[in-house]
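The values are calculated or read from the model by the stated rules, or taken from the named source; none is laboratory data. Predicted model, so just to flag it, every value in this text is computed and none were measured. Here the Cβ is made from the backbone with ideal geometry for all residues, glycine too, and neighbour counts use every protein chain on show.
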Amino acid sequence: MAVHKLIIDDFDSADYTLIAIHSSLEDYRLAYFVNRELEIRLEKCNKDVGVKKQNEFVYFSRYNFEDPYQDSAWNLIQNKNSVTASQTATGTFFSDPDFAVSNSIFFIPELKTADYVLKVDNSDIKDTAIVQSLLAVKHIATAYKVDHYKIKSKNNLIF
């Protein structure tokens, strides 16, 4: 009887490009400028991307575009989100009785300085051309390709 062996590494090939974007724009305005420059149609997704952090889910806004002609998918995801928790202070002299603490949560913690992440699946456009097009937008401070093999939290990119 022949033994059939499956190697899991064959299915682990990542065929996507990950680009970090630094911009102070709101997500809907950034999606507009990216659509205009790259000639795609990013639309607000009904379901935001949820990541479990500290026993609760934090949601990040997501814009997506699926191109059926080129069999590619584009996802613009917010990388920073702040969670506000109210706490009650013990009766110290200089503290308010009730105050709010705001914590920043990141979609990809390795990219703490990036405001947004653009994930491009199966695109025929070269990643350098995408980055150059993004840098043409005057509201984007910088954009660069990220080596997704070095990211530990790549499970967040599965949605």
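Numbers at a glance
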item	result
Test for A14: is it surrounded by 10 or more Cβ atoms within 10 Å (Cβ to Cβ), at pLDDT below 90 and not basic (K, R)	yes
Residue, nearest to the chain's Cα centre (by Cα), within the stretch 105-152, restricted to residues that are assigned to a strand (DSSP E or B) and aliphatic (A, V, I, L, M)	V117
Near pairs, Cβ below 9 angstrom, 6+ apart or cross-chain, from the stretch 15-31 (without any contact (Cβ under 8 Å) to a residue 40 or more places away in the chain) to any residue that is hydroxyl-bearing (S, T, Y) and assigned to a strand (DSSP E or B)	Y28/Y63
Whichever residue in the stretch 140-159 is within 20 Å of E39 (Cα to Cα) and touching a helix residue (DSSP H, G or I) at 6+ places or on another chain (Cβ under 6 Å) and, among such residues, is surrounded by the fewest Cβ atoms within 10 Å (Cβ to Cβ)	K145
Any hit, the stretch 28-35, residues being among the hydrophobic types (A, V, I, L, M, F, W, C), at pLDDT 85 or above and in contact with a Ser or Thr (Cβ under 6 Å, 6 or more places away or on another chain)	yes
Which listed residue, of T84, T113, is at negative phi and at pLDDT 85 or above	T113
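One line per residue, one yes/no per condition, for (1) more than 14 Å from L30 (Cβ to Cβ); (2) modelled with pLDDT under 80:
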position	(1), (2)
K53	yes, yes
V58	yes, no
S102	yes, yes
D124	yes, yes
K138	no, no
K152	yes, no
